[in-house]
Amino acid sequence: MRDIRLAVIPGDGIGNEVVPAGLQVLDVVARVNGGFRFLTEQFPWSCAWYLQHGRMMPADGLDQLRAFDAIYLGAVGFPGVPDHISLWELLLPIRRGFQQYVCLRPIRLLPGVKSPLAGRGPADIDFYVVRENNEGEYSNMGGRIYAGTPHDTVVQNAVFTRMGTERIIRYAFELARSKGKHRISSATKSNGINHSMPFWDEIFGQVAREYPDLQADQFHVDALAARFVTHPQQFGVVVGSNLFGDILTDLGAAIAGSIGIGASANLNPERLYPSCFESIHGSAPDIAGQGIANPLGQIWSGALMLEHLGYADEARWVETAMVATLAAGVATRDLGGTANTAEVTARVCQEVERAAAAARAGH
């Protein structure tokens, strides 16, 4: 029996509802598999914790997380605490401290979900976005002088290194090969950002020459965003900087039906540190505590975690279960259904058992 040590940070708002739902599904997967189990430890770090302690996590927070195999994270952010506090004092320290330089987000229209794009079905929206997660526009470089005066001045620097840029682009090409995607598209803005983006383009071109079997192209990010809406079927893997990847994946989740099903994996591909798995929706304080939040984004993030941990077949059980649940009409309000969080979770758990049985029977 393999013990998988899982650090659980539910966070704020609906994170406290969807994370337990995701854990229910993971426990069913482990029970059906029979060869591993999750040993979880909960950490209360959140905006509520910040209001009590003056920080988002303890000074030794990363040291506490370091020994775990993975981190399962809910939504962080809540009214009363500025968003840059929750991001810079919890999420970014985890991503950077553990070299989780890949943010992988699947953009897939699941059967049973209606896209807001007219006439689009599951075959039209099925690609991955790879976001650089450690540097770029979210680099903590710059400063402010003359605050509160007419000369108030702010400088924010974007930092792009050859190592950071090349490794994320190379990861995207390798992902395309492993997932059977034949086209990889780069998000750039080299016509307007005249240092970092031409540098990004240069390295993308260098790496692309090593993968002659893949079609590589570049789009200015504004045109790329438009093509997500007009031609989503053209994409296989999209790679972008920290800011561009962040924006594009929210748009991707929207065209796939709801940000409530958006999943992500913050990966340290070398596995020197734990990776972190989180849904991309926010804490949704307007519906928190009502039991109606969509758990599928968190559940799908759990599937990404299973795959990272070496359980690709089990990850497919979860994805198959999600599709079967939606096909049965069991969906939350954001997807046009009437089910609550608990009902969707229970149905996914049932469908995981069915998917596992079918896979073992060879169907």
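For GLY74, the amide hydrogen comes within under 5 Å of the amide hydrogens of ILE9, GLY11, counting only partners 5 or more places away or on other chains and with H modelled in the peptide plane. Give the separation of the Cα centroids, the range 245-273 to the range 328-363, in Å. Here the answer is 21 Å between Cα centres. By the beta-carbon count within 10 Å of each Cβ, the least crowded to most crowded order of HIS182, HIS308, fewest first, is HIS182, HIS308.
If you place +1 on the Cβ of every Lys and Arg, -1 on the Cβ of every Asp and Glu, and leave all else neutral, what size is the dipole of the chain about its Cα centre, to the nearest 20 Debye? Working shown, then result.
Working: 30 positive and 37 negative charges, 119 e Å.
In total the dipole reaches around 580 debye.
Estimated from helical segments only, the mean residue ellipticity of the chain at 222 nm is -12500 deg cm²/dmol, where each DSSP H run of four or more residues counts as -39500 (n - 2.57).
Of the chymotrypsin sites (Phe, Trp or Tyr not before Pro) found in the range 130-233, those in coil by DSSP whose Cβ has at most 12 other Cβ atoms within 10 Å are TYR146.
Think of the range 115-252 as a dipole: +1 on every Lys or Arg Cβ, -1 on every Asp or Glu Cβ, centred on the Cα centre; then among ASN194, VAL154, VAL221, VAL221 lies furthest on the positive end. Using the Cα centre of the range 133-209 as origin and beta-carbon charges of +1 (Lys, Arg) and -1 (Asp, Glu), tell me which of MET163, ILE184, GLY143 is placed farthest towards the positive end of the dipole. Of the options given, the answer is ILE184.
Throw me the Rg/Rh for the range 115-252, computed over C-alpha atoms with Kirkwood Rh, two decimals. That ratio is 1.05, to two decimals.
Couplings 3J(HN,Hα) of the range 210-220, computed from phi: 7, 10, x, 7, 10, 7, 10, 9, 10, 10, 5 Hz, in residue order, whole Hz [Karplus 6.51 cos²θ - 1.76 cosθ + 1.60, θ = phi - 60°; x for Gly and Pro].
Neighbour counts of other Cβ atoms within 10 Å put CYS47, CYS349 in the fewest-to-most order CYS349, CYS47. The antiparallel fraction among DSSP beta bridges confined to the chain stands at about 45%.
Roughly how many Å is it from the Cα centre of the range 99-122 to that of the range 1-73, as a whole number? Here the answer is 25 Å between Cα centres. The Kirkwood radius of the range 260-348, taken over pairs of alpha-carbon atoms, gives through the Stokes-Einstein law at 20 °C and 1.002 mPa s a diffusion coefficient of 156 µm² s⁻¹. Mean-square fluctuations from a GNM of the chain, with a 10 angstrom spring cutoff on Cα atoms, peak among GLN298, GLN234, GLN52 at GLN52. Screening the chain for DSSP H helices whose Cα atoms reach 15 Å or more along their own axis and whose mean Kyte hydropathy is at least -0.5 gives 15-33, 162-178, 196-208, 242-255, 296-308, 312-327, 341-360.
Taking amide H positions as modeled 1.01 Å from N, with prolines and chain starts lacking one, the residues under 5 Å from TYR128 and 5 or more places away or on another chain are ILE107, VAL237, VAL238. Here the contact order of the chain, divided by its residue count and restricted to Cα pairs under 8 Å and six or more residues apart, works out to 22 percent.
Sorting THR149, THR325 from the fewest to the most surrounding beta carbons within 10 angstrom yields THR149, THR325. Close amide-amide hydrogen proximity is noted between ALA263 and ILE280, each under 5 Å apart and 5 or more residues distant or on a separate chain (H modeled in the peptide plane; Pro and chain starts excluded).
Computing mean projected area of the Cα convex hull in nm² for the structure here picks out one of (1) 19.6; (2) 17.8; (3) 16.4, namely (1). First check a/c for the range 1-110, with a ≥ b ≥ c the square roots of the eigenvalues of its C-alpha gyration tensor; if it is under 1.5, answer rounded, and if not, answer prolate when a/b is larger than b/c or oblate otherwise. Judged from the Cα gyration tensor, the range 1-110 comes out prolate (a/c at least 1.5, a/b above b/c). Of SER258, SER115, SER178, which is the most mobile in a GNM of the chain whose springs link Cα atoms less than 10 angstrom apart? Comparing SER258, SER115, SER178 in a Gaussian network model of the chain, the most mobile one is SER178.
Read-outs throughout are calculated quantities, based only on the coordinates presented, and are distinct from any laboratory measurement. Owing to the predicted nature of the structure, the values given are computational and were not obtained by experimental measurement. Using ideal geometry, Cβ is built from the backbone for each residue, glycine included, and neighbour counts are taken over all protein chains shown.
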